[in-house]
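The values are calculated or read from the model by the stated rules, or taken from the named source; none is laboratory data. Keep in mind that what you see is a predicted model, and the values were worked out from it rather than measured. FYI the Cβ positions are ideal-geometry reconstructions off the backbone, even for glycines, and counts take in every protein chain you see. Note: areas computed on protein heavy atoms with side chains; ligands, DNA, RNA excluded. Shrake-Rupley method; radii C 1.70, N 1.55, O 1.52, S 1.80 Å.
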Amino acid sequence: MARSFAQLARTAEKTKSSIIISKEPIETPPLEIHTLGDKVLRQEARRISKVNEETRDLAKDMLQSMYSAKGIGLAAPQVGIHKQLLVIDLDLETPTTPPLVLINPEITSCSATLDTYEEGCLSIPGVYLNVIRPSSINLSYRDEMGRPKKMKADGLLARCIQHEMDHLNGVLFVDLVNEQEDLSRALEEHGFDKKDVRIKS
Ligand code: NI
């Protein structure tokens, strides 16, 4: 997800991970982030059967690319890798707050209560639009050491996890926008083609 979200942020008190990496943007990030219209974004991601050093290296490269783009969340398909891996960091300002790495995440339940929030995406730069989603979720996942974990998330964290998990299924937030006129205008303004949006029936 893109940064302007952080304006709506609550503190990311649940983010814990042993991956330590500088949050400073770098000039040539290790991975290229694909944008709307690129078919790789529509491909489904596979589960990671073995969490190892390679997985952690990928998470680090994704984090470095995310920090360099000033994003708060990135899913592996956005860098052309179809694995169920997400990185999230809602606290870009604090160098010592560890990022969250989610492997094979599964939502086990979500609240009936819905929230409307403005979302953005590093794959659709400049476009920010309202999306309605459950306010809170319970999820299970593996951390970067392969340990099974459970978590309850609400607020911006719940929003960000749902947005990133959609990427694993080839779904982009613009597919979920209700306000079609706003969507058309924003996409055109930023040089994207509405034909690349998949309206959910
Ligand atoms: Ni995104």
(request) Pop out the carbon and sulfur fraction of the accessible area of the chain as a percent, whole number, probe 1.4 Å. (result) 47 percent
(message) How large is the Rg to Rh ratio of segment 131-201 when both quantities use alpha carbon positions and Rh follows Kirkwood?
(response) 1.08
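Can you give me the relative contact order of the chain as a percent, contacts being Cα pairs under 8 Å and 6 or more apart?
About 25 percent, as a whole number.
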(request) Could you tell me the distance between the Cα centroids of segment 135-193 and segment 79-128, to the nearest Å? (result) 6 Å
(request) Hand me the GluC sites (Glu not before Pro) from segment 18-119 located in a DSSP loop with no more than 16 other Cβ atoms within 10 Å, in residue order please. (result) 27, 32, 44, 93
(request) Filter the cross-link list 23/60; 50/152; 50/149; 70/194; 23/70; 50/150 down to pairs whose alpha-carbon distance in this structure exceeds 21 Å. (result) 50/152; 70/194
(message) What figure, in Å² to the nearest 10, do you get for the accessible area of residue 110 with a 1.4 Å probe and non-protein molecules left out?
(response) 80 Å²
(message) Please compute the alpha carbon radius of gyration of the chain, then divide it by the globular-protein estimate 2.2 N^0.38 Å. Two decimals is fine.
(response) 0.95
(message) Please compute one quarter of the surface area of the Cα convex hull for segment 19-128 and express it in square nanometres.
(response) 8.2 nm²
(request) Report, in degrees rounded to the nearest 10, the 0 to 90 angle that the Cα long axis of helix 155-168 makes with the longest principal axis of the chain. (result) 80 degrees
(request) Report, in deg cm²/dmol and to the nearest 500, the calculated mean residue ellipticity at 222 nm for the chain, where each DSSP H run with n ≥ 4 adds -39500 (n - 2.57) and the sum is divided by the residue count. (result) -6500 deg cm²/dmol
(message) Between helix 180-189 and the chain, what is the angle of the helix's C-alpha long axis to the longest principal axis, kept within 0 to 90° and rounded to the nearest 10?
(response) 80 degrees
(request) Determine the per residue accessible area of segment 102-166 with all protein chains present and a 1.4 angstrom probe, expressed in square angstrom. (result) 40 Å²
